[in-house]
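Below is one structure; the comments refer to it alone.
The values are calculated or read from the model by the stated rules, or taken from the named source; none is laboratory data. All values reported here derive from a predicted model rather than from experimental measurement. When we count neighbours, we look across all protein chains shown, and the Cβ atoms used for this are built from the backbone with ideal geometry, even at glycine. Only protein heavy atoms, including side chains, enter the accessible area calculation; ligands, DNA and RNA are left aside. Shrake-Rupley method; radii C 1.70, N 1.55, O 1.52, S 1.80 Å.
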Amino acid sequence: MRRCLAGALGAVFLSWCAPPTAEAPIPAGTELSYALDVSWEGASSLDGAWVFETDLGYRVGVRALYIGLGALELVACPDESLASVWAPARARADHAWDADASRLDVLGTESLMAETSWALGPAEASGTSYCELFWTVGTVASAAADGFELTRASAYLDAWVEPPGTGERIELEHWLLVGEGVRVPLEGAWAPGRVVRLTRHPARAFDGLVFESLSAAEVLFEVVQALGNGSRARFAAAP
């Protein structure tokens, strides 16, 4: 985990994270591929839903969760210059670096209900060392493997929530139009036959939410953000 320092200058808040250690560069033109995983660790399957308890004691049942996957792109390791010290650790979909040859525009609807891998590619290395994976959620125009299509939206949630000690259910269903991008540390080292594996943890994306004070739209927005911030990227064996 990277060590971070934070401070404030007037109304401008600054944060700095020690840059990750760069691995050896991957030769330019080397074929790269991606694998998308979902982990429902901590949840159990019940009546067609993934059921789990959040860190605040809410019992949640997710019947459907879809996102529009926009793009995947590896981010080169920063140099030791002063400019890199002040570079943002997170970015939205309009990232501010030059596009890399590893970029893959997916533009597909993904169901996060199944614990299966989705293989994507190929892309290629640009001859640099990579330290992060940038991935986005946005509006797409294609159906998921099960036929579900996000129509003028980039995320969909169908779920129920039981507040602690009540036994009463709050129904949550919402379509959301949002563009979100996140950079996550890239773990491990590249080797022939390895892929960039991106794993999301939907059950943990509901932690910290006080559902009685949030609309369905606000819940889904927070979940999409948490899916990104809580994701893990690493070089790993192919599925």
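Details
- Residues that are without any contact (Cβ under 8 Å) to a residue 40 or more places away in the chain and aromatic (Phe, Trp, Tyr), drawn from region 210-233: none
- Selection of region 192-207 for residues being under 10 Å from the mean Cα position of the chain (by Cα) and open to solvent by 10 Å² or more (accessible area, probe 1.4 Å) yields 199, 201.
- Residues that are part of a loop (DSSP other than H, G, I, E, B) and within 19 Å of residue 231 (Cβ to Cβ) within region 28-61 comprise 39, 40, 41, 42, 43, 54, 55, listed in sequence order.
- When the criteria are applied in full, residue 141 meets the requirement of being open to solvent by 50 Å² or more (accessible area, probe 1.4 Å) and either in a strand (DSSP E or B) or aliphatic (A, V, I, L, M) (or both).
- Set side by side, the residues 99, 93 differ, and just one is in a loop (DSSP other than H, G, I, E, B), within 15 Å of the chain's Cα centre (by Cα) and modelled with pLDDT under 95, which is 93.
- Listed by first and then second residue, the pairs linking a residue in region 161-188 that is at negative phi and among the aromatic types (Phe, Trp, Tyr) to a residue that is surrounded by 13 or more Cβ atoms within 10 Å (Cβ to Cβ) and in a loop (DSSP other than H, G, I, E, B), with Cβ atoms under 6 Å apart and 6 or more places separating them unless they lie on different chains, are 175/153.
- Residue check for residue 220: closer than 12 Å to residue 67 by Cα, at pLDDT 95 or above and not acidic (Asp, Glu): yes
- Evaluating residue 74 against the criteria (1) open to solvent by 20 Å² or more (accessible area, probe 1.4 Å); (2) at pLDDT 95 or above; (3) assigned to a strand (DSSP E or B); (4) aliphatic (A, V, I, L, M) leaves one unmet condition, (1).
One line per residue, one yes/no per condition, for (1) in a loop (DSSP other than H, G, I, E, B); (2) under 30 Å from residue 23 (Cα atoms); (3) open to solvent by less than 50 Å² (accessible area, probe 1.4 Å):
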| residue | (1), (2), (3) |
| --- | --- |
| 123 | no, yes, yes |
| 133 | no, yes, yes |
| 145 | yes, no, no |
| 153 | yes, no, yes |
| 157 | no, no, yes |
| 178 | yes, no, yes |
| 181 | no, yes, yes |
| 186 | no, yes, yes |
| 190 | yes, yes, no |
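- Residue within region 36-45 that is hydroxyl-bearing (Ser, Thr, Tyr), modelled with pLDDT of 95 or more and in contact with a His (Cβ under 8 Å, 6 or more places away or on another chain) present: yes
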